[in-house]
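The values are calculated or read from the model by the stated rules, or taken from the named source; none is laboratory data. Just so it is clear, the structure is predicted and the values come from calculations on it, not from any experiment. Neighbour counts are summed over all protein chains in view; Cβ atoms, including those assigned to glycine, are modelled from backbone coordinates with ideal geometry.
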Amino acid sequence: MTTVNTPIKIGSYTLKNRITFAPTVKFDFTDDSGVATQKLIDHYVERAKGGCGLICVEATAVVPGGRFGKNHMGLWCDEQIEGHKKITEGCHAYGCVMIIQLNHTGYTSNPECGPAIGPSAITRQGFRGEYTTVEMSVEEIHAMQQAFVDAAVRAKKAGYDGVQFHGCHGYLINQFMSPNTNFRTDAYGGSAENRARFCTEMMEKVRELCGPEFLISIRTSGCEDTLEEAIAMAEEYVKAGCEYLQVSSGLSSLDSVKPYKDEKVSDIQSLGVYFKEHFKGRVPVSCVGGLTTPEQVEYLIEKEYIDTVDVARAILADPEFANAVAEHKEYTKCFGCQACQYGPFTQHKCPAEIVRLRK
C-alpha cells in the first residue's frame, strides 16, 4: 500500500515522502529590491527541517511589472540569485527537493508596479477600479517568454532543482489558457493547443537551456473552461517536457465538473484526482484544497487518488506538520481562519504560530 512515507520519483528526483509545501507568497518578507531576505530564508529552511518532501517556493516575479506589490520576491536580475541560493542550500541540507514558482500577474498586476497586460483587451474591476487591459503583441509575448526563461536559468544557478510555472489562480499563464480572457485568433489563441502555447514554448526553451535533470512543473488550472479542456492543455505541457502537474483552480467555475464518486474528496481536490486518473502514472499529479489534518492527507494518498498533496495552511501553522504526519506525532493545528493570517494584507499573526511558540 502507498503511504505518506512512500518515496516517489518526480523527474530526476526522488522525494522522501508525499507531502509538499505549496507556494504561498509572503508579502512583507522583502522590499522593492525583490531580494530574498533572511526572514524568507529562515521561513523555508524551517519547513524543510519540518520534513517536507518538496518545497515550491512562492510565486516569484520574472519582471518588476508583474508583481503583486512592491514587497514581492523576484528573479528578474542576477543580483537576486544569492538570496535564493541561501534558500536552496539551507533546505537541501534536510533532504528536501526545491523548486520555485515563476509568475507574472498579467492583468491583475499592482498599478504601482506595472501596466495591466494580458492576451486580450478586457474590461474588468480591480486595483484600478474599472479599466481595460492592454493586449500583448506577439513581440511582447516573446519578450515575456524570454523573461520567464531567464528567471528559470537564474533559478538553476541559485541551486533550485527545477521550476514551476504558475498557470492557475487567474495570473498571466492562466489568462492565456482561459477562453474567458483569451480571445486571440493567432497562434496563441483558439484551440487548447494554441492557448497552451504561451507556456509550452517556455518549457521547451527551459529544457534546452537547463538540461534534462532540471525539473519542469506547472501549477495548472483543472477547469479551463472545462475539465476536458484543462486536461487537453496539460497534455500539451507534458509533450513540451513538463514532468509534474500540480492542479488547482483557475478563471472558470467548477460547476461543469461533476463531483467525485467519493464524497470525502472536495470539488477542488477532485480536479487533481481526475487528472491522476487521466494520466495513469505517466506524470505525477498533486492536488490542493483545505488539507489541514493528517487524516485528510493520508486518505488521499492511501486510496491512491493522488500522487502527492500540496499543503499550505497546515505547514504555515506548524512547520513540523510533515514530520508529524509521517511519524504520527502531535502538532499545532491550523485554526482555519476565514482569511489566513499568513495571507496578503495581514499582519502575519497566525494564531497557531503564536500557540506553538508558547509551548
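Please go through region 59-75 and pick out each residue that is crowded, with 24+ Cβ neighbours inside 10 Å, in a loop (DSSP other than H, G, I, E, B) and not hydrophobic (A, V, I, L, M, F, W, C).
In the first step, residues of region 59-75 are kept if they are crowded, with 24+ Cβ neighbours inside 10 Å; the result is 59-62, 66-67, 72-75.
Filter once more, so that each one left must be in a loop (DSSP other than H, G, I, E, B): 62, 67, 72-73, 75.
Answer for region 59-75, where residues must be crowded, with 24+ Cβ neighbours inside 10 Å, in a loop (DSSP other than H, G, I, E, B) and not hydrophobic (A, V, I, L, M, F, W, C): Arg67, His72.
Give Ala234, Ala230 a once-over and let me know the one that is under 17 Å from Thr181 (Cβ atoms), part of a helix (DSSP H, G or I) and either among the acidic types (Asp, Glu) or touching a helix residue (DSSP H, G or I) at 6+ places or on another chain (Cβ under 9 Å) (or both).
Details: Ala234 fails: under 17 Å from Thr181 (Cβ atoms).
Only one candidate qualifies: Ala230.
Hey, could you check region 188-217 for residues that are of a type in the set (Gly, Ala, Ser) and in contact with a helix residue (DSSP H, G or I) (Cβ under 6 Å, 6 or more places away or on another chain) and say which is nearest to Tyr160 (Cα to Cα)?
Step one: of region 188-217, the residues of a type in the set (Gly, Ala, Ser) are 189-192, 196, 211, 217.
Remaining after also requiring in contact with a helix residue (DSSP H, G or I) (Cβ under 6 Å, 6 or more places away or on another chain): 192, 196.
Values: Ala192: 30, Ala196: 25 Å.
The qualifying residue nearest to Tyr160 (Cα to Cα) is Ala196.
Does Asp225 count as of a type in the set (Asp, Glu), surrounded by fewer than 20 Cβ atoms within 10 Å (Cβ to Cβ) and either part of a strand (DSSP E or B) or touching a Phe, Trp or Tyr at 6+ places or on another chain (Cβ under 9 Å) (or both)?
Numbers: of a type in the set (Asp, Glu): yes; surrounded by fewer than 20 Cβ atoms within 10 Å (Cβ to Cβ): yes; either part of a strand (DSSP E or B) or touching a Phe, Trp or Tyr at 6+ places or on another chain (Cβ under 9 Å) (or both): no.
When the stated conditions are applied, Asp225 does not pass them.
Restricting to region 119-148, give me the number of residues that are under 24 Å from the mean Cα position of the chain (by Cα) and among the aliphatic types (A, V, I, L, M).
The total comes to 5.
Consider region 22-43. How many of its residues are of a type in the set (Asp, Glu) and outside any loop (DSSP other than H, G, I, E, B)? Explain how you work it out, then say what you get.
Just the residues of region 22-43 that are of a type in the set (Asp, Glu), to begin with: 28, 31-32, 42.
Now restrict to residues that are outside any loop (DSSP other than H, G, I, E, B): 42.
The total comes to 1.
In region 86-119, which residues are touching a residue at least 60 places away in the same chain (Cβ under 8 Å), part of a strand (DSSP E or B) and β-branched (Val, Ile, Thr)?
Val97, Ile99, Ile100
Which numbered condition trips up Ile218, out of (1) in contact with a Gly (Cβ under 7 Å, 6 or more places away or on another chain); (2) of a type in the set (A, V, I, L, M); (3) more than 18 Å from Met98 (Cα to Cα)?
Result: Ile218 passes all but (3).
Look at Glu112 and say whether it is at pLDDT 95 or above, of a type in the set (Asp, Glu) and surrounded by fewer than 17 Cβ atoms within 10 Å (Cβ to Cβ). If you could, list the steps in order and put the result at the bottom.
Details: at pLDDT 95 or above: no; of a type in the set (Asp, Glu): yes; surrounded by fewer than 17 Cβ atoms within 10 Å (Cβ to Cβ): yes.
No, not satisfied.
So which residues in region 37-56 are buried (at least 21 other Cβ atoms within 10 Å of the Cβ), touching a residue at least 60 places away in the same chain (Cβ under 8 Å) and either under 19 Å from Gly83 (Cβ atoms) or under 18 Å from the mean Cα position of the chain (by Cα) (or both)?
Hits for region 37-56 are Arg47, Cys52, Gly53, Leu54, Cys56.
Can you run down the residue pairs with Cβ atoms below 7 Å, 6 or more apart or on separate chains, where the first is in region 291-314 and closer than 24 Å to Ala352 by Cα and the partner is in a loop (DSSP other than H, G, I, E, B) and hydroxyl-bearing (Ser, Thr, Tyr)?
Ala312/Thr24; Arg313/Thr292; Ala314/Thr292
Looking at region 19-38 only, could you name the residues that are closer than 24 Å to Arg356 by Cα and modelled with pLDDT of 95 or more?
Once the filter is applied, which keeps residues that are closer than 24 Å to Arg356 by Cα and modelled with pLDDT of 95 or more, region 19-38 yields Ile19, Thr20, Phe21, Ala22, Pro23, Thr37, Gln38.
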